[in-house]
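Comments concern the structure below.
The values are calculated or read from the model by the stated rules, or taken from the named source; none is laboratory data. Fair warning: this is a prediction, and the values are worked out from it, not measured in the lab. Every residue, glycine as well, gets a Cβ built from its backbone with ideal geometry; the counts of neighbours run over all protein chains shown.
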Amino acid sequence: MTKWKVPDALRSNLQRRDMLKLMGSGAAAMAMGGLPRMAMAQDATIAFWATATLDIGDKWQQFAEQEGVMPEFTDNGNDVGPVVARLAAGNANDLFDLGGFQGGAERELARQGLIAPWDVSKIPNYESVWQWAKDIPYLTHEGKQYGIPTVVNADSIIYRPDKLGKVDSYGVIFDPKLKGRVAMEDAWINSAVFAAMYLKESENQPIGDPGNLTEAELGLVMEFLIKHKRDGQFRTFWNGWEQGVQLVADEEVDAMTGWEPIVYEGRKRGLQVEYAAPVEGYEGWGNNAVLLNGAVERGMADVAHKFVNGLLGGFYGCELGKSRGYMVPTDKNLAYAEEHPDEYSPEEVKLLADHVKAKFSGKVAWQNCRPDNFQLYEEWWQKLRNA
Amino acid sequence: MAIAIGIDNVSRHFGPLRAVDGVSLDIKAGEFFTLLGSSGCGKSTLLKLIGGFDAPSAGRITFDGKDMAGIPANRRPVNTVFQGLGLFPHMTVAQNVGYGLRLRGLRGKVLDDKVAEALELVQLAGFGPRDVNLLSGGQRQRVALARALVMEPGILLLDEPLTGLDEGLRQQMRDEFGRLHKRTGATFILVTHNQDEALSLSDRIAVMHAGRIEQVDQPQRFFDQPANAFVARFVGIEALLRPETVERHGDEGIATIAGQKLPVKLATTAQSGSTVIAVRSDRLVVGDGAAPLPGATLTVVESVFRGLHRDVKLAFADGQTIVVAIPADRDIPAVGAAMKVGMKPGAAIEISSSGMPEAG
Amino acid sequence: MKASPSTIFGLVFLPLAAILVLGLAPLAVVVVWSFWAWDPSTYWIKPDFSLAGYAAILEAGRWTVILSTLVKALLAALICLVIAYPTAYAVTFLASRRLAVVLLALMTIPFFTSYLIRSFSWRLVLGRTGVVNTFLQDVGLTSAPIDWLLFSDFAVMVGLVASYLPFATFPLVLAMGRVDSIVLSAARDLGAGFWTVLRTILLPLTLSGVFAGFLFVFVMVAGSSTEVQMLGGAGASIVSVMINDVMRVANYPLAFAISTIVLAVILGLVLIGNWTFGLARLFEDRAQ
């Protein structure tokens, strides 16, 4: 405590990695989350650094009994920027073996050599993964498999049929007749995709991939959103589950883009709410398992493969479906439920699977947490805020 | 101009507590009037009612015959020197003193002159630019006084103004009050628990107790004719004797105490209820001078050396005692010896026993 | 008893070190890193001097957010003072001791719930089907819900004032507690009516409390995000929301540059205020 070394440290040309360590120990303001538990280098334990919603808590014990691998789970905070920063410049690769990241950053991480390709031959259950999930565009880089889809689903519009009749287009969000009665999410990662899908499919605008817009496409989409915002089209932009539910439950809006569970919650509260199947398609999103380079260096690659195979083995899918309504994209879930009807109801598992499959039977634009022009996305989002 | 104050059956109740309980008083214009009593007797509450900082629960207060009900403190021709002073800590001495005049619209030279004059009056000439927080206790006292006097009030209220000052300063400020009263001619009302202050300054004094007035009189009357046992004790007449009988002849009488007959001055007003005999120790004579005077022969109980004199406690046959002072150089009277005590005229006064502590 | 210099040093050293480590060190990091370059591919900074962070503030209307944040903070602080001053007056000079304690306790109640819940509950009060709109329609003042009550600057201001009012009230209660009520009586005695007493005596004597309350609310609002996110209209922003956006893409130099500017404004405000109003006076024992 006698010497405070920050000024020295800042002046010298320290390795970025050292600086991140400094940051992790000193400055809580960095919003990097708490220090992760140290990964044990013992057999059959793997350090899993993932979005918090992938955690099944006490149920990992049962998972480990079945699959022979126990995870040390650490929340990664979900936002991809800080996650990549800790991989690129921080000690994340020293601490963790396996990532469970929002889809989109895989190619960039692969390019920088921060993650290693999977050997799908060592993941027998991968074969059971539904084809459209295997086709998620950013799972592969230079022909190698970098992401294994762990959780998938697709979002569209929550709406009130008693007010609007049947809704089958994102056009409802931009309909001037509903001025002040609609909302979108307070995040470009969702709202820009929805607007792009609408412009591409229903207004025939020149847009390629709604999840990865070029500079020109992004300008088009964001100007469109800015115009509607200026017109007072949106009641608000919402954040988080409670706010989303409240908007619907207290009749603040008649339609908004958002997550399907809000529909279920609304119905639970006696409201007539539906989830639209838009002609423009759904916004698909995935959370994918990636193999961190550190795991390969430490010889943990085989354990990691075994663990991911376990994630696709059925039990995990049943548990995640039951606890959060999330979909692990494989029929193994149903098989497991049928073998263990005392644990999970096969009917419910099938219902969820069929429902999600149906969403993906039509058009889908994949949400991308790290579009090529992500800096411009952020900048445009500020412009939208300040318009 | 001095203002006369009428207090007509005024009460102030705080819940069940009667802080002021049916008080009636007439204070003459230009009088130096003192409300004297121990803490909690209601004297400060009565002062607040006069100043307009509180309203009576019942009764009427008039200034020169004009009812003051509903007139707030800031519109009464009254100024106050508060206990604790209440100097404005963010202002200089001159700003403090000039505060009230500024509110009256005075500015510039007129204001400055009046402030300077007031400061001179309280012997603080040249103190104007000073920080009030850095003055001594006596100086602060004078600033408060100047601040009130500069308003040329018809009535000046002084609420325990000398509390907290050391003895020298008290003496000095006391003289100051007397001088200023003569200078300004205003009606001064002083609230104090200090008998010396009250006696030396006042034209008249009201002794208060438990929200009521026990006696209103000129200072020496409290000794010549205390209204009752409470007042007698309050002013320092400790010897209060219970007589067996009192024979009355006009305004003179003979009281019998433990078989001994003493001449007593009777109360001018007819006494109803029980009475006691107050004995003024300053009118008792012992030794050679005692023989020609009427009096009693008592037994010495104890004697206590007091420096310039010696207090000798003497007992009647029934155990009631009085204390007489004898010169310190006189022989110490032996305990148990008999001693003749002579009584000058007016040494014993028959008074109401109201306020007499239970014999014990 | 006189403490030796080494004892004093021992007593002061730990708190001082804590202040340095917990307070100043991160601030220094924020300021220094705001001048470094950012590599978008790694989302990480490089120790090369760069003003890109500051340049980016001039783009996309980011500077207008800083400006509007300061305006919001100013307005909220002033509204809080207007409400807090009479409250503090009542607590200090009008209420009985027991009532004063009860009132102060009531004022602390908002601290028992999180900002999240407090802000959220305003949505239920001000919304289309909320208490206010229901009442207005029931009594026939309006026939349809008033939309601007919620998801508007009005709603944000209501939320901010409700959240941070105690931060204005408590310094004022503290400041007024230091004013001898005799001083107020003396002013009245000398002819001052209520408003004159307020203007010439109470306000000057409580100015340090006024400024402390102003500063607390101002700083809290400048650092707030919940109220704007929950109660503001579409895309409503404030500095903290903007920083959150920037941190999502881990653009540290930009986030730190924004922080540095806001810090500089607040620091300037503290210095000016202390110089003008004598904030330190709040902690002084004045002879009186």
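Listed values, structure above:
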{"read-out": "Condition met for B:L111 (surrounded by fewer than 22 Cβ atoms within 10 Å (Cβ to Cβ), within 14 Å of chain C (Cβ to nearest Cβ), touching a Gly at 6+ places or on another chain (Cβ under 7 Å) and without any contact (Cβ under 8 Å) to a residue 12 or more places away in the chain)", "value": "no"}
{"read-out": "Check on B:V324, surrounded by 15 or more Cβ atoms within 10 Å (Cβ to Cβ) and under 27 Å from the mean Cα position of the chain (by Cα)", "value": "yes"}
{"read-out": "Qualifying position, being surrounded by 15 or more Cβ atoms within 10 Å (Cβ to Cβ), touching a residue at least 24 places away in the same chain (Cβ under 8 Å) and farther than 17 Å from B:I237 by Cα, among B:L293, B:L314", "value": "B:L293"}
{"read-out": "Subset of region A:249-282 (residues that are within 23 Å of C:V241 (Cβ to Cβ), under 24 Å from the mean Cα position of the chain (by Cα) and modelled with pLDDT under 95)", "value": "A:G258, A:W259, A:I262"}
{"read-out": "Pick from region C:83-98, criterion within 19 Å of C:V179 (Cα to Cα) and free of Cβ contacts under 8 Å to residues at least 60 places away in the same chain, ranking: nearest to the chain's Cα centre (by Cα)", "value": "C:P86"}
{"read-out": "Residue ranges of strands (runs of 3 or more DSSP E) in region B:289-347 with at least 2 members not assigned by TED's automatic domain parsing to the domain that holds B:Q260", "value": "none"}
{"read-out": "Options C:A28, C:A60; residue that is within 25 Å of A:K383 (Cα to Cα) and not β-branched (V, I, T)", "value": "C:A60"}
{"read-out": "Residue list for region A:307-329, restricted to those being crowded, with 24+ Cβ neighbours inside 10 Å, assigned to a helix (DSSP H, G or I), touching a residue at least 60 places away in the same chain (Cβ under 8 Å) and not hydroxyl-bearing (S, T, Y)", "value": "A:F307, A:V308, A:L311, A:F315"}
{"read-out": "Identity of the residue in region A:182-200, in contact with a Gly (Cβ under 7 Å, 6 or more places away or on another chain) and in a helix (DSSP H, G or I), that ends up surrounded by the fewest Cβ atoms within 10 Å (Cβ to Cβ)", "value": "A:Y198"}
{"read-out": "Meets criteria (crowded, with 21+ Cβ neighbours inside 10 Å, closer than 26 Å to A:S169 by Cβ, among the β-branched types (V, I, T) and away from chain C (no Cβ under 14 Å)) for A:V349", "value": "no"}
{"read-out": "Flag if B:T62 is in contact (Cβ under 8 Å) with a residue 24 or more places away in the chain, away from chain C (no Cβ under 12 Å) and within 22 Å of the chain's Cα centre (by Cα)", "value": "no"}
{"read-out": "Helices (runs of 4 or more DSSP H) within region B:184-278 that include 3 or more residues farther than 23 Å from B:F82 by Cβ", "value": "B:221-224, B:229-234"}
{"read-out": "Given (1) out of contact with any Phe, Trp or Tyr (no Cβ under 7 Å at 6 or more places or on another chain); (2) without any contact (Cβ under 8 Å) to a residue 60 or more places away in the chain; (3) within 23 Å of B:F53 (Cα to Cα); (4) within 13 Å of another protein chain (Cβ to nearest Cβ), number of the condition B:G105 does not satisfy", "value": "(3)"}
{"read-out": "Residue that is nearest to the other protein chains (Cβ to nearest Cβ), among those in region C:44-77 that are without any contact (Cβ under 8 Å) to a residue 60 or more places away in the chain and over 26 Å from the mean Cα position of the chain (by Cα)", "value": "C:A60"}
{"read-out": "Single residue of region C:225-242 satisfying the filter (facing chain A (nearest Cβ under 9 Å) and assigned to a helix (DSSP H, G or I)) that is surrounded by the fewest Cβ atoms within 10 Å (Cβ to Cβ)", "value": "C:V241"}
{"read-out": "Which numbered condition B:M151 misses (of (1) at pLDDT below 95; (2) more than 9 Å from chain C (Cβ to nearest Cβ))", "value": "(2)"}
{"read-out": "Meets criteria (within 12 Å of chain C (Cβ to nearest Cβ) and under 20 Å from B:R140 (Cβ atoms)) for B:F53", "value": "no"}
{"read-out": "Any hit, region A:262-285, residues being surrounded by fewer than 20 Cβ atoms within 10 Å (Cβ to Cβ) and either in a strand (DSSP E or B) or among the polar types (S, T, N, Q) (or both)", "value": "yes"}
{"read-out": "Tally, over region C:27-43, of residues that are closer than 26 Å to A:N93 by Cα, surrounded by fewer than 18 Cβ atoms within 10 Å (Cβ to Cβ), within 9 Å of another protein chain (Cβ to nearest Cβ) and not hydroxyl-bearing (S, T, Y)", "value": "2"}
{"read-out": "Members of region A:47-67 found to be assigned to a helix (DSSP H, G or I) and either surrounded by 19 or more Cβ atoms within 10 Å (Cβ to Cβ) or touching a residue at least 12 places away in the same chain (Cβ under 8 Å) (or both), listed by number", "value": "A:A52, A:T53, A:L54, A:K59, A:W60, A:Q62, A:F63, A:A64, A:Q66, A:E67"}
{"read-out": "Single unsatisfied condition, B:R170 versus (1) over 22 Å from B:P77 (Cα atoms); (2) within 14 Å of chain C (Cβ to nearest Cβ); (3) under 18 Å from the mean Cα position of the chain (by Cα)", "value": "(2)"}
{"read-out": "Among (1) among the hydrophobic types (A, V, I, L, M, F, W, C); (2) over 21 Å from the mean Cα position of the chain (by Cα); (3) more than 10 Å from every other protein chain (Cβ to nearest Cβ); (4) buried (at least 18 other Cβ atoms within 10 Å of the Cβ) - the single one A:A216 does not satisfy", "value": "(4)"}
{"read-out": "Residues located in region C:173-209, provided they are facing chain B (nearest Cβ under 8 Å), aliphatic (A, V, I, L, M) and under 27 Å from the mean Cα position of the chain (by Cα)", "value": "C:I201, C:L205"}
{"read-out": "Residue within region A:320-343 that is away from every other protein chain (no Cβ under 14 Å) and in contact with a Lys or Arg (Cβ under 6 Å, 6 or more places away or on another chain) present", "value": "yes"}
{"read-out": "Members of region A:117-139 found to be hydroxyl-bearing (S, T, Y) and closer than 13 Å to A:W366 by Cβ, listed by number", "value": "A:Y138"}
{"read-out": "Sole exception among (1) farther than 24 Å from A:D135 by Cβ; (2) away from chain C (no Cβ under 14 Å); (3) touching an Asp or Glu at 6+ places or on another chain (Cβ under 6 Å); (4) buried (at least 20 other Cβ atoms within 10 Å of the Cβ) for A:I158, by number", "value": "(3)"}
{"read-out": "Total residues in region A:227-261, condition in a loop (DSSP other than H, G, I, E, B), among the charged types (D, E, K, R) and either more than 12 Å from chain C (Cβ to nearest Cβ) or in contact with a Ser or Thr (Cβ under 7 Å, 6 or more places away or on another chain) (or both)", "value": "3"}
